[in-house]
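**Student:** Take this structure first; my questions come after.
The values are calculated or read from the model by the stated rules, or taken from the named source; none is laboratory data. Remember, it's a predicted structure, so these values are computed and weren't measured experimentally. So basically every Cβ, Gly included, is an ideal-geometry build from the backbone, and we count neighbours across all protein chains shown.
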Amino acid sequence: MNKEIVVSGIRPTGFLHLGNYFGAMRNYVKMQDDYPCYFFVADYHSLTTHPNPQDLKKNVFRVVAENIACGLDPEKIALYAQSDVPEIPELYLLLNMLAYKGELEKVPTFKDKVRQQPENVNAGLLTYPVLMSADILIHRAQKVPVGKDQVQHVEMTRNFAQRFNNRYGAFFPEPHPFNFGSEPVKVPSLDGNGKMSKSENINATIYLADDDDTIRKKMKKAKTDMAPTEPNSTMTEAVENLFQLMRLVSDEQTVATFLKNYNDCSIRYGDMKQQLAEDMVTFIKPIREQAQALQEDEQAIRTILKNGAEKARESAAKTLAEARKLVGIHYY
Ligand code: ADP
Ligand code: TRP
């Protein structure tokens, strides 16, 4: 077993989708055999948008069920709710003293939220990257499997870790984003606007809970372009996106065939989207069915969360005790 520690979280803000799977969960599943892993549901992070209290539990339980349906084994890893580990908010408080208003205001995800919800620019939103840093540093993690949209937050975590180390003594390792293969993944939305996401672009996002016909309908509407008129022409973004999705869910032979059709101008995007829809159906169906079955057994999910929190707190308590000491908080 590799010694490097792995941490990652997903917010319970809606149904999980192909972006979450290929950006994050696929890596979780591959890493669980080789590293000590801490994976959690970032319920505190989801409070920045004031979700309905009645919905929160359902959303948290669904994220747990969907993660397990994707192949996570709660026996091998710690799978827990962020709010079950009080050491995280305590470390967050310590890190907040090292995070500056100016740098937090410059974070692109914060600026996006200010544009999207000008009536709710709360302090939790501003300090979102600090809480995320606490999530990671509380286990002194080095590897953070996340999609491309989170890379900057991990960079900030490195900055906060360095600042802590410079001031109080070398303690936190520097974490890095992690993805098997090459670059961090960004799964595009089907309408050509940004990435697939839990709460935006609902009709342009394929969810792990979508039934077969919903997947087919969404794929039918996916954005395409005019067919190429010259051999080997450069792909437009919409077409590139379709190929990107196909590389994720279809086999190599299928991708090669459509690529050849594109390059010799015989491609029909309707056929390509139909093939893509069928490959998505094949991929999602078993995950959807298992996640549904798991969600019916609330007691099992509660037990998983309880055991996960116990494992996470054991590691978190050690880090926090040391961090408090380094800061000078040890009076007795
Ligand atoms: P969302 O943005 O859908 O609300 P989260 O912010 O909770 O999802 O992200 C959970 C994980 O899924 C993160 O690691 C994030 O980078 C990854 N992720 C989310 N959307 C995508 C996407 N379209 N492509 C790749 N990774 C993604
Ligand atoms: N901020 C991440 C997102 O929006 C979720 C998250 C919270 C996270 N804490 C984390 C991811 C720690 C990795 C590590 O997707």
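**Student:** Hey, Ala134 hits all of (1) under 19 Å from the mean Cα position of the chain (by Cα); (2) of a type outside the set (Val, Ile, Thr); (3) within 20 Å of Leu245 (Cα to Cα) but one; which does it fall short on?
**Tutor:** It fails just one condition, (3).
**Student:** Out of (1) at pLDDT 95 or above; (2) part of a helix (DSSP H, G or I), what's the single condition that is false for Phe171?
**Tutor:** The single condition Phe171 does not satisfy is (2).
**Student:** What number of residues within the range 1-17 satisfy the criterion of being near ligand 1 (Cβ under 8 Å from one of its atoms), surrounded by fewer than 24 Cβ atoms within 10 Å (Cβ to Cβ) and over 21 Å from Ala316 (Cβ atoms)?
**Tutor:** The qualifying residues number 2.
**Student:** Based on this model, can you work out whether Val121 counts as farther than 30 Å from Glu278 by Cα and either assigned by TED's automatic domain parsing to the domain that holds Leu93 or in contact (Cβ under 8 Å) with a residue 60 or more places away in the chain (or both)?
**Tutor:** Here the answer is yes, as Val121 does meet what is asked.
**Student:** With the condition being in contact with a Ser or Thr (Cβ under 7 Å, 6 or more places away or on another chain), I'd like the helices (runs of 4 or more DSSP H) fully within the range 227-317 carrying at least 1 qualifying residues.
**Tutor:** Where helices (runs of 4 or more DSSP H) fall fully within the range 227-317 and carry at least 1 residues being in contact with a Ser or Thr (Cβ under 7 Å, 6 or more places away or on another chain), they are 237-249, 269-295.
**Student:** I'm trying to understand the selection: among the residues of the range 13-42, which are of a type in the set (A, V, I, L, M) and within 12 Å of ligand 2 (Cβ to nearest atom)?
**Tutor:** Result: Leu16, Ala24, Met25, Val41, Ala42.
**Student:** Next question, about the same structure. For the range 54-113, enumerate the residues that are more than 29 Å from Arg324 (Cβ to Cβ) and either among the basic types (Lys, Arg) or not assigned by TED's automatic domain parsing to the domain that holds Tyr44 (or both).
**Tutor:** The answer is Lys57, Lys58, Arg62, Lys76, Lys106, Lys111, Lys113.
Conditions tested, residue by residue: (1) surrounded by 13 or more Cβ atoms within 10 Å (Cβ to Cβ); (2) of a type outside the set (A, V, I, L, M).
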residue	(1), (2)
Ile287	yes, no
Gln290	yes, yes
Glu296	no, yes
Gln299	no, yes
Ala309	yes, no
Arg313	yes, yes
Ala317	yes, no
Arg324	yes, yes
Val327	yes, no
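**Student:** Is one or more of the residues making up the range 113-121 touching a Lys or Arg at 6+ places or on another chain (Cβ under 9 Å) and within 13 Å of ligand 1 (Cβ to nearest atom)?
**Tutor:** no
**Student:** For the range 51-71, indicate whether the set of residues that are closer than 29 Å to Ala161 by Cα and either of a type in the set (Gly, Ala, Ser) or out of contact with any strand residue (DSSP E or B) (no Cβ under 8 Å at 6 or more places or on another chain) (or both) is non-empty.
**Tutor:** Looking for residues that are closer than 29 Å to Ala161 by Cα and either of a type in the set (Gly, Ala, Ser) or out of contact with any strand residue (DSSP E or B) (no Cβ under 8 Å at 6 or more places or on another chain) (or both), one finds none in the range 51-71, hence no.
**Student:** If you go through the range 167-215 one residue at a time, how many are hydrophobic (A, V, I, L, M, F, W, C), in contact (Cβ under 8 Å) with a residue 24 or more places away in the chain and out of contact with any Asp or Glu (no Cβ under 8 Å at 6 or more places or on another chain)?
**Tutor:** Of the residues in that region, 9 qualify.
**Student:** So, one more: For the range 31-40, indicate whether the set of residues that are closer than 17 Å to Gly308 by Cα, more than 9 Å from ligand 1 (Cβ to nearest atom) and surrounded by fewer than 20 Cβ atoms within 10 Å (Cβ to Cβ) is non-empty.
**Tutor:** Checking the range 31-40: at least one residue is closer than 17 Å to Gly308 by Cα, more than 9 Å from ligand 1 (Cβ to nearest atom) and surrounded by fewer than 20 Cβ atoms within 10 Å (Cβ to Cβ).
**Student:** If I ask for residues that are touching a strand residue (DSSP E or B) at 6+ places or on another chain (Cβ under 8 Å) and outside any strand (DSSP E or B), which ones from the range 176-200 would you list?
**Tutor:** Once the filter is applied, which keeps residues that are touching a strand residue (DSSP E or B) at 6+ places or on another chain (Cβ under 8 Å) and outside any strand (DSSP E or B), the range 176-200 yields Asn179, Pro184, Lys186, Val187, Ser189, Gly194, Met196, Ser197, Lys198.
**Student:** On to the next question. Since Asn52 meets every condition but one in (1) in contact (Cβ under 8 Å) with a residue 40 or more places away in the chain; (2) surrounded by fewer than 16 Cβ atoms within 10 Å (Cβ to Cβ), which condition does it not meet?
**Tutor:** Asn52 satisfies every listed condition except (1).
**Student:** Would you check which residues across the range 205-225 are in contact with a helix residue (DSSP H, G or I) (Cβ under 7 Å, 6 or more places away or on another chain) and part of a helix (DSSP H, G or I) and list them?
**Tutor:** Across the range 205-225, the qualifying residues are Asp212, Ile215, Arg216, Lys218, Met219, Lys220.
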